[in-house]
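The values are calculated or read from the model by the stated rules, or taken from the named source; none is laboratory data. What you see is a predicted model; the values in this text were computed from it and never measured. When we count neighbours, we look across all protein chains shown, and the Cβ atoms used for this are built from the backbone with ideal geometry, even at glycine.
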Amino acid sequence: MSAAPLRVLPALHASHAGCWARVDDLPTRAISKGEAVTAAADTPHLVLNAPVLASRLGYPDLSGLDLLELFAFVHPARFMVPTPKGLAHALGLAEPANDAAVPALLQEAAAHLLATCAAPDWAEREGAWTALQSLIRMRWPWATLLNPVIERPARAERWLFTRLPEWDEAGEQHQPRQVTLDDASVLDRLADLTGRDAEQRPGQRNYAIEVARAFAPRARAGNPHVVLAEAGTGIGKTLGYLAPASLWSERSDGTIWVSTFTKALQRQLRQESARAWPERRADGSAPVVLRKGRENYLCLLNLEDALQGGFAGRAAILAQLVARWAAYSRDGDMIGGDLPGWLGTLFRQRAIASLTDRRGECIYAGCPHFRKCFIERASRASAQADLVIANHALVMVNAARGRDHAARPTRVVFDEGHHLFDAADATFAAALTGAEAIELRRWVIGPEKSARGRRRGLAARLADIASYDEAGSLAIAAAREAAEALPGDGWMQRLAEGAPWGPVEELLAAVRAAVYARDESGGQDAGYGLETEAAGLDGALVEKAQGARAALADLRLPLIRLGVRLEALLEEPPDWLDGAGRARIEGARHSLTWRIDMIGAWEAMLDRLGGAADAEFVDWLAVDRSEAREYDIGIHRHWLDPMKPFARTVLEPAHGVVLTSATLRDGEDWRAAVARSGAGHIEVAPHLTAHESPFDYAQQAEVLIVTDVPRGDIPALAGAYARLFEASGGGALGLFTAIRRLRAVHGRIADRLARQGLPLYAQHVDPIDTGTLVDIFRDDPAASLLGTDALRDGMDVPGHSLRLVVMEQVPWPRPTILHRARRLANGGPAYDDSLIRARLAQAFGRLIRTRADRGHFVVLSSAFPSRLLSAFPKGTPIRRVPLEEALQRIANHACGQLPIDAPDVRPAR
């Protein structure tokens, strides 16, 4: 059936430069925002990314025929940059020449997608007709247009949950053989990975040999080989460590874990690993597995609940599109995997999150989809894999909880090792907050409001155990009764009204009052979060803390008794307990252990309030706020040095560990890197090796410190950003230390840049997830992007798309209570300087990614301290200049008139 009638549907497009509409086949015309809003309200228009369009028009209720939704239905699990240019590339259409050409592209793209659904060779046809019938009932705007072109299949389509493959059980993994890697073999493997005819890189060869030391047999228990390897940008460290890693795995028949901090590097590793391992072994198993935390994967039971009525309105439509994706997904990874990052922002990220296992409510083998579970498949595959690509948090959490031997790697490479300290800090911290407490209550009791479909709460998850084992049943009942003392729905409203209920809510009310009474930061007026140290507290708060501690102890004890009963059932199983039931009890026991430990940490924290401070910890009270709105209240505890528990739980059991990054050292000084590795806590002397970048920074980059933009002057700051971005012709990354200033600058310059054909995107402004923002920026050399530290540390955009980095000021550490304690313990101002230099080095590292890259790094600071200049690579030209000179140098370089030449002030050393 022809899709031609769709071309006559009206199309609407808006950017910061203006609005354009096209009706029928008439010429596109420019219209005002008011006309655009009126048109969209009267008639459904073809649009691309409705939330972004709504933001541009200032019309939050905008709806229409969003082509991103149609693309997600027609081509699930297929990558697309959600821009007109990205849509054109994904469909093989011509790029729009300008904004005015976009409405015609939207009409053409809609016709193309509709025609795809009518074509006999549509690759993703299976399941589409069945999903469409549900979407018709939900009145999805696209459903009536799709219905005539998607033919009813001759045979009934299989249900999604019957189409998904099952994972296979495998035997326990044997110990790896003890092997020693010689230099010649390592270099030979490196040559295989890089290509025998590729350019020989001495730095990469030396790096591979040094890293191979970590794979030698361990001399004694608790004494792993630890290698700290700094590799400047361009060394090729990924293949540099994959060479000895793959060789060791092949000869030992063991598993290597590579841990990263960012999802971008995980994706890169997955691509690079294809040089060392095939996609599939002869038996069909995968030698390389990507592992993430459970909260990243689609929970099939949650999806089933959503499809059967658990979601309503727009969320129900999302569930159908996710079900389409699940049938074609490589691994079920919803956060950074092959689910389009923009899909959640079309419907609300909370709906995406509710389809994952964020609350630890998995019923394991009791789930009807257990044998098809994406999480279980990844877990089992990793036990048999040669290479597991994970993240720092997962490695640490699995080591701390010790659920299974396969999750505790003996050989691990921590790439992006400069983030290891922060990851350990988050993993080994404790926080008794209202949000955490209510989650615990729901895990024990279940939701307070009735939920359709999936049963929740301990009694529901362990109903068969309770009916068989009286002691277990009594323990569950006691735990449910004790959990009633935890905060329930509406707890924040009760606190605001001065009417807390229960001992934990009473403690949180006292914490809130103390924080507001003692705050001296001025944050109350600014709307930021507030905090105060947990010292010198009055007797009333300490008394309430003891009451809350007693209530938590009343909950922990029956959970311990329940755990004992579950262990007893596993040791002497009843006749009716089959393999699936045993696996479910194992899962429940591990979940219990995790929560028992968490409650124990809360009790210990409360027990010390009002007493002597523990020198190993930093405690404080906090009211978390966003734009002056409170969203959580609680008590926090962090290790003064989180590498101490990291060393005991991760390093000590390992045999070989590599920490690698482009920025491990502070200049030439290894002391901070060694301290932040944790090796000192287990009395291991790490092997230190550094490899300089092969890039010619004197010719490729230039640092410009602008001296005449007044600090705190938002109009002047915005003007500087706009002029700098104009001088470079886009391709600029603007980094901010405060979201408030980022928004202020964006609001002042976005329209101005757009009128010159220079699109501007921003974190915390555009309703687009960070990963998609980076994809958009990478795809358009004229675009610029504003962001915060997530972009400073985790973005990889080689080539012409990034040729200018601008920092609003020196990235001083935020003066929190935790930072103050660590600063005092680690040398005072020198500690701050070390942190700042590391941040500057990471930000500069975004600029030059290949030998062909050229660009400028600009800091808008009139008083940039000279002691921080060593953050930049050796030989990098550094100039202190007024804004006008900076603009001239950037403009000349953008026009290709002048090379970046030698410095006229001293280079960084």
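Below is a table of values for the structure above.
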{"read-out": "Output for the stretch 298-313, where each listed residue is assigned to a loop (DSSP other than H, G, I, E, B) and either in contact (Cβ under 8 Å) with a residue 40 or more places away in the chain or buried (at least 23 other Cβ atoms within 10 Å of the Cβ) (or both)", "value": "CYS299, PHE311"}
{"read-out": "Unmet criterion (only one of (1) surrounded by fewer than 17 Cβ atoms within 10 Å (Cβ to Cβ); (2) modelled with pLDDT of 95 or more; (3) outside any helix (DSSP H, G or I)) for GLY536", "value": "(2)"}
{"read-out": "ALA891 in a helix (DSSP H, G or I), farther than 26 Å from ALA722 by Cα and among the small types (Gly, Ala, Ser)", "value": "no"}
{"read-out": "Candidate set: the stretch 194-229, residues that are among the hydrophobic types (A, V, I, L, M, F, W, C) and either in a loop (DSSP other than H, G, I, E, B) or at pLDDT below 95 (or both); chosen: the one nearest to HIS681 (Cα to Cα)", "value": "ALA221"}
{"read-out": "Residue in the stretch 721-738 that is surrounded by fewer than 17 Cβ atoms within 10 Å (Cβ to Cβ) and either under 22 Å from the mean Cα position of the chain (by Cα) or over 19 Å from VAL859 (Cβ atoms) (or both) present", "value": "yes"}
{"read-out": "Positions within the stretch 730-757 being at positive phi and in contact with a strand residue (DSSP E or B) (Cβ under 9 Å, 6 or more places away or on another chain), in sequence order", "value": "GLY730, GLY731"}
{"read-out": "Scan of the stretch 314-341 for residues that are acidic (Asp, Glu) and touching a Ser or Thr at 6+ places or on another chain (Cβ under 6 Å), ordered by number", "value": "ASP338"}
{"read-out": "Any hit, the stretch 549-563, residues being at pLDDT below 95, surrounded by fewer than 13 Cβ atoms within 10 Å (Cβ to Cβ) and assigned by TED's automatic domain parsing to the domain that holds GLU630", "value": "no"}
{"read-out": "Elements of type strands (runs of 3 or more DSSP E) in the stretch 1-112, at least 1 residues being out of contact with any Cys (no Cβ under 6 Å at 6 or more places or on another chain) and crowded, with 21+ Cβ neighbours inside 10 Å", "value": "11-15, 18-22"}
{"read-out": "Residue match in the stretch 591-605 (condition: among the small types (Gly, Ala, Ser) and at pLDDT below 90)", "value": "yes"}
{"read-out": "Among the candidates ALA143, ALA88, ALA104, ALA128, residue that is of a type in the set (Gly, Ala, Ser) and over 21 Å from TRP342 (Cβ atoms)", "value": "ALA104"}
{"read-out": "One residue from TYR297, TYR328 being touching a Pro at 6+ places or on another chain (Cβ under 8 Å), within 18 Å of GLU376 (Cα to Cα) and of a type in the set (Phe, Trp, Tyr)", "value": "TYR328"}
{"read-out": "Residue check for THR233: in a loop (DSSP other than H, G, I, E, B) and among the hydroxyl-bearing types (Ser, Thr, Tyr)", "value": "yes"}
{"read-out": "Test for THR130: is it assigned to a helix (DSSP H, G or I) and polar (S, T, N, Q)", "value": "yes"}
{"read-out": "Matching entry among GLU543, GLU520 (being assigned by TED's automatic domain parsing to the domain that holds GLY587 and not in a helix (DSSP H, G or I))", "value": "GLU520"}
{"read-out": "Filter result for LEU181 (in contact (Cβ under 8 Å) with a residue 40 or more places away in the chain, assigned to a helix (DSSP H, G or I) and of a type outside the set (Asp, Glu))", "value": "no"}
{"read-out": "Listing of strands (runs of 3 or more DSSP E) fully contained in the stretch 583-686 that carry 2 or more residues being over 30 Å from ALA871 (Cα atoms)", "value": "617-626, 629-639"}
{"read-out": "Answer from ALA219, ALA212 - the residue that is among the hydrophobic types (A, V, I, L, M, F, W, C) and in contact with a helix residue (DSSP H, G or I) (Cβ under 9 Å, 6 or more places away or on another chain)", "value": "ALA212"}
{"read-out": "Selection count, the stretch 275-292, where residues are more than 11 Å from the chain's Cα centre (by Cα) and in contact (Cβ under 8 Å) with a residue 12 or more places away in the chain", "value": "10"}
{"read-out": "Within the stretch 264-297, considering residues that are in a loop (DSSP other than H, G, I, E, B) and among the acidic types (Asp, Glu), the one nearest to VAL388 (Cα to Cα)", "value": "GLU279"}
{"read-out": "TYR241 vs. criteria outside the structural domain of PHE414 (by TED's automatic domain parsing), touching a strand residue (DSSP E or B) at 6+ places or on another chain (Cβ under 7 Å), at pLDDT 95 or above and part of a helix (DSSP H, G or I)", "value": "yes"}
{"read-out": "Top-ranked residue of the stretch 490-513 - restricted to ones that are within 16 Å of ARG625 (Cβ to Cβ), surrounded by fewer than 19 Cβ atoms within 10 Å (Cβ to Cβ) and more than 31 Å from the chain's Cα centre (by Cα), ranked as modelled with the highest pLDDT", "value": "ALA513"}
{"read-out": "Residue check for TRP257: in a loop (DSSP other than H, G, I, E, B), within 24 Å of ILE375 (Cβ to Cβ) and in contact with a strand residue (DSSP E or B) (Cβ under 8 Å, 6 or more places away or on another chain)", "value": "no"}
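A quick yes/no check of all residues on (1) modelled with pLDDT of 95 or more; (2) closer than 26 Å to ALA128 by Cα; (3) more than 35 Å from the chain's Cα centre (by Cα):
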{"position": "ARG7", "(1), (2), (3)": "no, yes, yes"}
{"position": "THR43", "(1), (2), (3)": "no, no, yes"}
{"position": "VAL47", "(1), (2), (3)": "yes, yes, no"}
{"position": "GLY64", "(1), (2), (3)": "no, yes, no"}
{"position": "ASN98", "(1), (2), (3)": "no, no, no"}
